[in-house]
Amino acid sequence: MSAKLKKLLTGVLICLSLLAVGVWDAQLEEALPIWSVYLIPISAAAIAFETLGGIVAGGAAGLMLLWVSPTARTWGTEILFGWIIGFIGWGGILGYLQWQASSFKEVTRRLQDQEHLRDALIEFLVHDLRSPLTNIISGLETLLVSTEEDLKAEDRELIELALIGAHRLLTMVNSILDLRKLEEGKFPLYLKEFDPHEAVGEAVRQVQLWARQNSVALQVDFAPEVPHKMVADRWVLIRVLVNLLSNALKYTPNGGTISLSVVMDDGWIHFSVKDQGPGIPKEYLERIFDRFVQVEARKAGAAVGTGLGLTFCKLAVEAHGGRIWIESEVGKGTTVHFVVPLSVPQVEQIKETAVASGSKSGV
């Protein structure tokens, strides 16, 4: 059935219902005023045909009240005229609200369509970017190793700078690809046993070149009680650490120090990355993991990174059943903390507890 035919049938049904109310009102004589029943077809017209339909139906109901209602004739001209205006006003206001709701719904639909197109375009672009970026990094690393003895200091520096930029770009590309999956809860975690000491060492190795170029020292401190075995997605954990270290490197001045510490905290493994940057204003701390707040904060001059790294870190840590938070003070640097479970049973227990809590709250 076409939209025009549906509108026509709806209009016919509203007219018939309005006539039915009028006939019923005429048959009651003076026994009972049924002015409120007229609001039903008026409201239906306003919902179906918005402002104009509501006004027309309100006017028609008012005229019918004047012509056929024996009770209305006893009210007097002023009261009757007031009811007619009231019917028209009700239909007009309800129709206007319906028009606003329909307009908002249409705008929302268009925005969603544009967002889907944007996401599809971004995903297409970053997929095509990742492969050549990987080739660039592999080529530069091979060149650096194979010509190590023959390279001049300035040539080595240029290659190292190119590697730093390529690694940073690859990190952002990977974050864009995985961010949506994490938000939708569709990001696969490959949980397996590994040594957190080795994972931290790999993360430090990936940013070591950048740190050396900036003359920034990377200080790693493991508490003695930290075990050499944990269960998590090793590469996701490394990417979280690389994101946090990279963010710290952007804002730590030359000659500064970035501290990465790992301790045990009531059976959880607790990582923290501390920089010597300018710090983050208090008004942004609670919302800093939201990508849009990060854009807002950067415009205000706050040191908060690319707008993707911290969001990825939050979602990745929470996917492991962990928690992430920031401590910062303007002029005194920033420390990012996160804790994750040490073993698979802990992860499963956390997920089961979360599901049970959600079920109880929904009952």
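The values are calculated or read from the model by the stated rules, or taken from the named source; none is laboratory data. Just so it is clear, the model here is predicted, and its values are computed rather than measured. Neighbour counts are summed over all protein chains in view; Cβ atoms, including those assigned to glycine, are modelled from backbone coordinates with ideal geometry.
So which residues in region 142-155 are surrounded by 14 or more Cβ atoms within 10 Å (Cβ to Cβ) and out of contact with any Lys or Arg (no Cβ under 9 Å at 6 or more places or on another chain)?
The answer is 143, 151.
In region 152-170, how many residues are touching a residue at least 12 places away in the same chain (Cβ under 8 Å) and within 18 Å of residue 214 (Cβ to Cβ)?
Going residue by residue through region 152-170, those that are touching a residue at least 12 places away in the same chain (Cβ under 8 Å) are 156-157, 159-164, 166-170.
If we keep only those that are within 18 Å of residue 214 (Cβ to Cβ) too, we end up with 156-157, 159-164, 166-169.
Adding up the residues that qualify gives 12.
List, please: which pairs have Cβ atoms under 7 Å, are six or more places apart or on different chains, and start with a residue in region 125-151 that is over 15 Å from residue 163 (Cα atoms) and end with one that is at pLDDT below 75?
Here the result reads 126/176; 126/177, each pair linking region 125-151 to a residue that is at pLDDT below 75.
What residue, among those in region 291-338 that are hydroxyl-bearing (Ser, Thr, Tyr) and closer than 23 Å to residue 169 by Cβ, is modelled with the highest pLDDT?
311
How many residues are within 34 Å of the chain's Cα centre (by Cα) and part of a strand (DSSP E or B) when one looks only at region 222-243?
Number satisfying all stated conditions: 3.
Give region 126-166 a look and list any residue that's modelled with pLDDT under 85 and either of a type in the set (Gly, Ala, Ser) or assigned to a loop (DSSP other than H, G, I, E, B) (or both), or say none.
131, 146, 147, 148, 149, 150, 151, 152, 153, 165, 166
Restricting to region 278-290, and then to whatever is part of a helix (DSSP H, G or I) and surrounded by fewer than 16 Cβ atoms within 10 Å (Cβ to Cβ), can you tell me which residue is modelled with the highest pLDDT?
282
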